[in-house]
1. So, by mean Cβ neighbours within 10 angstrom, what's the order for 236-243, 100-107, 57-64 with the highest one leading?
2. Which net charge results for the neighbourhood of residue 157, defined as the other residues with beta-carbon distances under 13 angstrom from its beta-carbon, given Lys and Arg at +1 and Asp and Glu at -1?
3. Just in the stretch 108-177: which GluC sites (Glu not before Pro) are loop by DSSP and have at most 14 other Cβ atoms within 10 Å?
4. For residue 174, list the lysines whose Cα falls under 29 Å from its own Cα; do not include residues on the same chain fewer than 8 positions away.
5. Looking at the chain, what % of its DSSP beta bridges pair antiparallel, to the nearest 5?
6. What is the stretch 165-281's relative contact order, in percent, from Cα pairs under 8 angstrom and six or more apart in sequence?
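Only the coordinates and a few stated rules stand behind these numbers; no lab work does. If you're wondering where the values come from, they're calculated on a predicted model, not measured in any experiment. A quick note on method: Cβ atoms are made from the backbone with ideal geometry, for glycine too, and the neighbour counts reach across all protein chains shown.
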Amino acid sequence: MIVGFIGFGEAAFAIASGLREAGVEQMIAYDAFRSEQVVRRAKQIGVELQDKIQSIGERASLIFSLVTSSSAHEVAEEVVPFIQQGAVYADLNSCSPKAKRGIGDLFSETGALFTCVAVMSAVPPLKHRVPMLADGPGAPQLKRQMEAYGMQIEVVDGPIGSAAVKMCRSVIVKGMEALFLEALLAADSAGVVERVLASADASFGHMTLSELANYLVVRNLQHGHRRAHELAEAAETVAELGYEPLVTRGAAQRLAWSASKLPTGGQEQRATSFWEVLEVLKQDPA
């Protein structure tokens, strides 16, 4: 088996390193931006760099696509004419389910098997053992081929779209990154970073994310209008401290939207789970 990589950045290098350690002998890679770092990394673990993407399609029986989300469809189009019948094309890029389905359609008449793969944790520490969700026609074969090398692949039944899990998770993880950036920049301007973080630790440090989700969403049901107004004022504070409140203003708008959809007058006090709140909100998702 020859394993091919399209894109040989940090994530691809980490996965390839792990596979090499696990015993995969033949690996090839193509990167449109062949930097000195790419060349050094490939040489370090014995991955053979290719001059053309065509070579990946012609030689590899398993192809991992790890490029930018904006170029995922383009590179798939480039490799489709050359891909082997029966090969597995695993798209690991952070694209929406609709985008993944569009990429999968490119392989529908090639005899190759497409699989949409959602990478569910940071890659470098775990290398090839990073947890993955895979769906689409190529998912079972990907799991069969790679579980002997220690890859942690969970096959998800149903149509292509496991990316929805990762992308919704990204709303939390990347959204928190943006939230922390904005909050800490403003706090630094005010000279109160340590006090802000200490206060947050005291309020939420004992909770899991699931518990925190339940706590915050139920509180939003109970105090939505007030909390939306307070966050709008917080957005003004961020602006006064010198930063455009991109995250805070959008969050205030979301809270105001949810407050306008939720019941008032005591009924909201009966909710004990975020599931109950979601049931109300999804009736009118506009």
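1. In decreasing order of mean packing, 236-243, 100-107, 57-64 become 57-64, 100-107, 236-243.
2. Around residue 157, the surrounding residues sum to -1.
3. Answer by residue number: 109.
4. 98, 100, 127, 143, 166, 261, 282
5. If I count the DSSP bridges inside the chain, around 15 percent turn out antiparallel.
6. Details: 85 pairs, mean separation 35.1, N = 117.
In percent, rounded to a whole number, it is 30.
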